[in-house]
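Note sheet for the following structure.
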Amino acid sequence: MSFSLRLLLFAGSVLLVNACAPRYHGPVTNHFTGKKFINPGSTERTSGSVLEWLLHRDKGPWPEQPDAYVGAKPAKRVEGDSLVVTFVNHSTFLIQTNGLNILTDPVWSDRVGPTSWLGVKRRRPPGLRFADLPPIDVVLLSHCHYDHLDLPTLRQLVKATDPLFVTPLGVSYLVKRAGGRVTRELDWNDTLRINDKLRLTCTEARHFSNRGLGDRDKTLWAGYLLHMSYGTLYFCGDSGYGAHFSRIGEQARQSSSGPIKLALLPIGSYRPEWFMAPVHVSPASAVRVLVDLKASQALGIHFGTFQQGDDGLLEPAQDLQKALEVLHVRPDRFLVPTEGKPMVFK
């Protein structure tokens, strides 16, 4: 037996031990069978395809980033309707407007996985130091995967400012394990008013969930529309391409905050596409998402921090630029943010 296969089997045993998601109980819907969540109209990836990919990986280059930029301490609060967005890393953004500080899928750990030594290692530092964060009011969690829901980071946030956490169905048990405060769990299309400055709509996605081998699809995956006086912001989380993006755009246009002004869309972890496409959009598909949403502008996320797919470090940005040219979309409508540098939108 090869070393890589022995390592894979050992990792699987650890994951099995760490699989402890309680089963969600609720009515049967078009995306919940009564036992697990599904992607309506989509074909599920098989365990055989996962093994085939793992045993025949062809990783693109990820050069070291010794001089990676780390930003200055953000403002404590941003008042008024202007929106200040700072890309921290991967799918983590600091969103500041109307005196609110919001984090998406926060991850500051050096490695994401079931233990401190087993998992995917960070390839560049976070764009903001955790100690420099302003008081966080709300944390949006898109799903339970380790690179989006990091318990050590959640525990730090609870200790620092005890923010309010928002989760899809079934995910709140992890927040409670970290000692955090949770609103009611949200299903796709549910709305939640945080206060008079922020209302949320939980949105559909094409993905999957697990933290081990025994809890596959026991919790829901989602994105969020943020309805604010600035307008509507969309945080995608993780998703494969599908017709649901057009529906999300229509949801926004029908809301009181209007069409999507800014969309945070994933562009990384997309190769090999035969395997990744059902759950991760490619840069080319992300441009199609921008068009489907009828969003004014987009920022790329889910790239540059963890080498999860086989795409190289620079490929997401390069392939995004190619796709913008092919689809005749202005380059300034879809930007690749720099970690740690605040961007102001009005």
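The values are calculated or read from the model by the stated rules, or taken from the named source; none is laboratory data. Keep in mind it's a predicted model, so treat the numbers as computed, not measured. We place every Cβ from the backbone using ideal geometry, glycine too, and count neighbours over all the protein chains shown. Just so you know, the surface numbers come from the protein's heavy atoms only, side chains and all, with ligands and any DNA or RNA stripped out. Shrake-Rupley method; radii C 1.70, N 1.55, O 1.52, S 1.80 Å.
The number of residues in the range 120-152 being part of a helix (DSSP H, G or I) and out of contact with any helix residue (DSSP H, G or I) (no Cβ under 8 Å at 6 or more places or on another chain) comes to 3.
Consider Ser285 carefully, then state whether it is out of contact with any strand residue (DSSP E or B) (no Cβ under 7 Å at 6 or more places or on another chain), of a type in the set (Gly, Ala, Ser), more than 18 Å from Asn89 (Cα to Cα) and modelled with pLDDT of 95 or more.
Here the answer is yes, as Ser285 does meet what is asked.
The residues in the range 240-282 that are among the polar types (S, T, N, Q), in a loop (DSSP other than H, G, I, E, B) and over 19 Å from Ala323 (Cβ atoms) can be counted, and the count is 4.
For the range 189-209, does any single residue satisfy the condition of being over 30 Å from Trp62 (Cβ atoms), touching a Cys at 6+ places or on another chain (Cβ under 6 Å), surrounded by fewer than 24 Cβ atoms within 10 Å (Cβ to Cβ) and at pLDDT 95 or above?
Yes, that holds for at least one residue.
Every test in (1) over 27 Å from Asp150 (Cβ atoms); (2) part of a loop (DSSP other than H, G, I, E, B) is passed by Lys218 save one, and that test is (1). When each of Asp332, Asp319 is tested for being closer than 28 Å to Glu79 by Cβ, in a helix (DSSP H, G or I) and either modelled with pLDDT of 95 or more or touching a Gly at 6+ places or on another chain (Cβ under 9 Å) (or both), the lone residue that passes is Asp332. Could you give every pair whose Cβ atoms fall below 6 Å, whose first residue belongs to the range 57-85 and is within 19 Å of Phe130 (Cα to Cα) and in a loop (DSSP other than H, G, I, E, B), and whose second residue is open to solvent by less than 40 Å² (accessible area, probe 1.4 Å) and among the hydrophobic types (A, V, I, L, M, F, W, C), counting only separations of at least 6 or pairs across chains? That search, which allows pairs on different chains as well, returns Gly71/Leu128; Val78/Val84.
For Ser285, state whether it is assigned to a loop (DSSP other than H, G, I, E, B), more than 30 Å from Val28 (Cα to Cα) and open to solvent by 10 Å² or more (accessible area, probe 1.4 Å).
Judged against the criteria, Ser285 is not a match.
For the range 89-133, taking the residues that are of a type in the set (A, V, I, L, M) and within 20 Å of Gln65 (Cα to Cα), the one that is most open to solvent (accessible area, probe 1.4 Å) is identified as Val120. Taking the numbered list (1) within 24 Å of Asp67 (Cα to Cα); (2) under 17 Å from the mean Cα position of the chain (by Cα); (3) assigned to a loop (DSSP other than H, G, I, E, B) in turn, Gly312 passes all entries but (2). For the range 288-307, which residues satisfy the criterion of being within 27 Å of Pro74 (Cβ to Cβ) and part of a loop (DSSP other than H, G, I, E, B)? Those that are within 27 Å of Pro74 (Cβ to Cβ) and part of a loop (DSSP other than H, G, I, E, B): Ala295, Ser296, His302, Phe303, Gly304, Thr305. Taken over the range 134-159, residues that are in contact with a Leu (Cβ under 7 Å, 6 or more places away or on another chain) and either free of Cβ contacts under 8 Å to residues at least 60 places away in the same chain or open to solvent by 50 Å² or more (accessible area, probe 1.4 Å) (or both) amount to 6.
The residues of the range 211-247 that are open to solvent by less than 10 Å² (accessible area, probe 1.4 Å) and at pLDDT below 95, listed by number, are Gly212, Asp215. For the range 184-211, residues that are charged (D, E, K, R), more than 15 Å from Val166 (Cβ to Cβ) and within 19 Å of the chain's Cα centre (by Cα) total 3.
The condition (being β-branched (Val, Ile, Thr), modelled with pLDDT of 95 or more, open to solvent by 30 Å² or more (accessible area, probe 1.4 Å) and closer than 21 Å to Thr104 by Cα) is satisfied by just one residue among Val344, Val326: Val344.
Got at least one residue in the range 51-69 being more than 26 Å from Tyr146 (Cα to Cα), open to solvent by less than 30 Å² (accessible area, probe 1.4 Å) and of a type in the set (A, V, I, L, M, F, W, C)? Within the range 51-69 (the criterion being more than 26 Å from Tyr146 (Cα to Cα), open to solvent by less than 30 Å² (accessible area, probe 1.4 Å) and of a type in the set (A, V, I, L, M, F, W, C)), the answer is no, since none of the residues qualifies. Might you let me know whether the range 132-150 holds any residue that is within 27 Å of Thr203 (Cα to Cα), of a type in the set (Gly, Ala, Ser) and out of contact with any Lys or Arg (no Cβ under 9 Å at 6 or more places or on another chain)? Among the residues of the range 132-150, at least one is within 27 Å of Thr203 (Cα to Cα), of a type in the set (Gly, Ala, Ser) and out of contact with any Lys or Arg (no Cβ under 9 Å at 6 or more places or on another chain), which makes the answer yes. Return the residues of the range 250-277 that are of a type in the set (Ser, Thr, Tyr) and open to solvent by 30 Å² or more (accessible area, probe 1.4 Å); say none if nothing qualifies. Hit for the range 250-277 is Ser256, nothing else. Taking residues in the range 101-127 that are more than 27 Å from Val138 (Cβ to Cβ), and partners anywhere that are assigned to a loop (DSSP other than H, G, I, E, B) and among the acidic types (Asp, Glu), the pairs with Cβ atoms closer than 7 Å and at least 6 places apart or on different chains are Lys121/Asp110.
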